[in-house]
Amino acid sequence: MSPTLHWQKSSFSGGDEDEDCLEIASSPTSLHLRESDHPTTILSPTPGALRALLNAVKA
């Protein structure tokens, strides 16, 4: 049985509840990402893939 994920809205997202935003949740073994307008599509990147994504976004 998989644990229930508790999603947190990105602090960089707008303040309105109706705005689409990036959300993050963690489990004991990984991080999970989703867009609020597509909540059933969840990305669970490996640490290396997440690092590459963050580096690309920063660049």
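Please treat every number below as a calculation from the coordinates, not as lab data. Since this is a predicted model, take the numbers as computed values, not measurements. Here the Cβ positions follow ideal geometry from the backbone for every residue, glycine too, while neighbour counts run over all protein chains shown.
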Notebook entry, point to check: What list of ³J(HN,Hα) values in whole Hz, one per residue of segment 29-45 in order, does the Karplus curve 6.51 cos²θ - 1.76 cosθ + 1.60 (θ = phi - 60°) give from phi, with Gly and Pro shown as x?
Noted result: 10, 7, 9, 10, 10, 7, 9, 4, 7, 9, x, 8, 9, 10, 9, 10, x
Notebook entry, point to check: residue 21's amide H: which non-local residues (gap 5+, or another chain) put their own amide H closer than 5 Å, with H modeled 1.01 Å from N in plane and none for Pro or chain starts?
Noted result: 36, 37
Checklist line | Percent of Cα pairs exceeding the 17 Å cut-off, where the set is segment 8-58 | finding: 41 percent
Next item on the list: State, to one decimal in nm, how far the label point of residue 52 lies from the label point of residue 32, with both points 7 Å from Cα in the Cβ direction.
Entry: 2.3 nm
